[in-house]
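Asks: This is the structure I want to talk about, given as structure tokens.
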Amino acid sequence: DSDETMRVSVRKTLFAISSAALLPFAWHCVRGIPALVARRQELRPDYPYPQWSDLYILGVAVLFFVPMRYLLTRTVFYHLAHWILPGVAEKREWTTKIREDRVERWATVCFKFLYFVGITAFGMHLLKPTEWFPPELGGSGSTDRMFDEFPYDSVTPFMKEYYLIGVAYHTQSLVFHVVGPHRNDFAEMVLHHLCAIFLALFSYFCNFHRIGSLVLFVHDAADVAGYAVKASVDTKYTKMTLVIYACLLFVWAYTRFYVFPFLIIAKIGPGLEYVQAKWADSHPELVVPYNWKFFEGMLYILLVLHVYWYALFLYMGYMYSRTGVTKVKDHDCQAGLCESIITRLRS
């Protein structure tokens with residue numbers, strides 16, 4: 001209706017303004033990176049500092065992801081969806097068109113679930129032995145160690161590939177998101193993908209590998225549960241869906257509202273003070289406080305988006321328990337997930 005259209009328009013406008021407001025700050029950081037990288041390389045020519053040529057890995061990964069996603073979602077997962085999802089006769093509220101939309105969505109969700117399972121397993125294998133991977137995530141280190149050797153951290157094998165594969169995934173997701181049908185959460189997801197891509201590349205070339213790898217890991221781990229729910233919600237396995245949904249609420253709260261803000265973001269300020277004191281007498285130019293503050297601010301933007309989505313989950317459950325209806329249209333990605341699950345609770 002007109003009110004819903006107006007709300008969506010206002011929300012998209014606000015997100016567009018917010019994104020545009022970040023550009024000057026982002027440019028201020030980006031324009032100084034080449035000189036910063038060159039200076040760090042000059043002081044330690046033996047150190048394998050990130051190179052611009054490393055981006056070829058990103059290009060190769062994107063060229064792999066795009067056709068692989070298209071192929072799997074149009075063949076294997078597409079046919080599997082027709083076999084697993086109930087037919088129109090079983091789901092009386094579905095039309096043939098709605099079922100076809102659900103089939104396509106299920107195929108895409110399966111691709112994303114497969115990616116996040118794989119990248120989370122890779123991240124766990126890579127990070128678990130490190131000194132900065134905390135017990136709260138299954139390691140034996142501490143996030144207090146994230147900046148011990150900055151900016152010349154000891155090299156972790158396959159860290160470069162882990163980083164740039166993550167950037168490639170978000171890049172292909174942004175491409176498919178922009179060229180595909182625009183849902184109610186279009187603006188939020190564009191901002192999310194842009195933040196993720198920029199943060200990953202920015203932290204990569206600033207050599208924030210330790211903190212950056214943890215940011216990637218906690219988000220990937222939570223997305224495993226998220227896409228598991230989305231894969232099961234349209235099937236006939238109601239109990240399994242509700243169990244996974246409960247896991248989703250816990251994993252999101254634990255990784256994105258505990259580990260992310262308190263064990264990762266909170267360490268940036270003390271880390272900056274430590275690194276500034278370490279290099280103050282010899283090479284203070286190696287540390288750019290503005291970059292640290294901007295990086296911290298961008299992480300807080302991601303945190304706000306997580307709070308917004310989680311609040312949407314809880315709000316829809318509250319509204320449905322009070323009134324028996326939800327207030328958000330099903331074509332909204334996050335809202336549609338919640339509404340489908342809440343409907344199952346009702347049944």
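The values are calculated or read from the model by the stated rules, or taken from the named source; none is laboratory data. It should be emphasised that the depicted structure is a prediction, and the values quoted were computed from it without experimental measurement. Cβ placement follows ideal geometry from the backbone for every residue including glycine, while neighbour counts extend to all protein chains displayed. Heavy atoms of the whole protein, side chains included, go into the accessibility calculation; ligands, DNA and RNA do not. Shrake-Rupley method; radii C 1.70, N 1.55, O 1.52, S 1.80 Å.
Asks: Calculate what fraction, in whole %, of the accessible area of the stretch 183-269 sits on carbon and sulfur atoms when a 1.4 Å probe is rolled over the protein chains.
Replies: 76
Asks: Taking only the alpha-carbon positions of the stretch 229-288 and ignoring solvent, what does the Debye formula give for the base-10 log of I(q)/I(0) at q = 0.24 Å⁻¹?
Replies: These q points yield log10 I(q)/I(0) values of -0.90.
Asks: Ignoring ligands, DNA and RNA, what accessible area per residue does the stretch 196-304 give at 1.4 Å, in Å²?
Replies: 37
Asks: Here's something else I'd like to know. So, in Å, what gap is there between the alpha-carbon centers of the stretch 226-292 and the stretch 40-60?
Replies: Cα centres, the stretch 226-292 to the stretch 40-60: 26 Å.
Asks: Taking just the alpha carbons, could you work out the radius of gyration and Dmax for the stretch 94-171, both in angstroms?
Replies: 18.3, 59
Asks: Turning to a different aspect of this structure: Over all distinct alpha-carbon pairs, what is the Kirkwood Rh of the stretch 85-130 in angstrom?
Replies: Its Kirkwood hydrodynamic radius stands at 12.8 Å.
Asks: Run the numbers for M240 and V178: contour at 0.36 nm per residue of separation, minus the present Cα-Cα distance, in nm. Each step should come with its number before you reach the end.
Replies: Numbers: separation 62, 0.36 × 62 = 22.32 nm, distance 3.22 nm.
Stretched out fully, the M240 to V178 stretch lengthens by 19.1 nm.
Asks: What does the convex hull of the Cα atoms come to per residue for the stretch 139-257, in Å³?
Replies: Numbers: hull volume 16.2 nm³, N = 119.
Considering the Cα atoms of the stretch 139-257, their hull volume per residue is 136 Å³.
Asks: Continuing with this model, one more query. Which whole-number percent of Cα pairs in the stretch 196-316 have a distance greater than 16 Å?
Replies: 66
Asks: Another question about this same structure. May I have the convex hull volume per residue, in Å³, for the Cα set of the stretch 49-194?
Replies: In the stretch 49-194, the Cα hull volume divided by residue count equals 161 Å³.
Asks: Something else now. Return P(r) of the stretch 30-94 (all Cα-Cα pairs; 10 Å bins starting at 0; whole %; ordered from short to long distances).
Replies: Bin by bin from 0 Å, the calculated values are 16, 22, 18, 14, 14, 11, 5, 0.
Asks: Measure off, as a whole percent, the carbon and sulfur share of the 1.4 Å-probe accessible area of the stretch 120-173, all protein chains present.
Replies: 60
Asks: Another question about this same structure. I'd like the Kirkwood hydrodynamic radius of the stretch 25-68, using the inverse of the mean 1/r over distinct C-alpha pairs, in Å.
Replies: Hydrodynamic radius (Kirkwood, Cα only) of the stretch 25-68 equals 12.6 Å.
Asks: Accessible area per residue for the stretch 67-192 in Å², computed with a 1.4 Å probe and the full protein assembly in place, what is it? Spell out each step's value before the answer.
Replies: Values: 6130 Å² over 126 residues.
Averaged over the residues of the stretch 67-192, the accessible area is 49 Å².
Asks: Right, another one. So if I average 1/r over every pair of distinct C-alpha atoms in the stretch 254-295 and take the inverse, what Kirkwood radius in Å does that give? Before the final figure, lay out the partial values.
Replies: Working: mean 1/r = 0.0883 Å⁻¹.
Every distinct Cα pair counted, the radius reaches 11.3 Å.
Asks: Count the net charge of all other residues whose Cβ sits under 15 Å from the Cβ of H82, scoring Lys and Arg as +1 and Asp and Glu as -1.
Replies: Spelling it out: positives minus negatives among the neighbours equals +2.
Asks: Classify the stretch 158-197 as rounded, prolate or oblate from the Cα gyration tensor: take a ≥ b ≥ c as the square roots of its eigenvalues, call it rounded if a/c is under 1.5, otherwise prolate when a/b beats b/c and oblate if not.
Replies: Cα axes put the stretch 158-197 in the prolate bin.
Asks: Could you grab the Rg to Rh ratio for the stretch 183-247? Cα atoms only, Kirkwood for Rh.
Replies: 1.13
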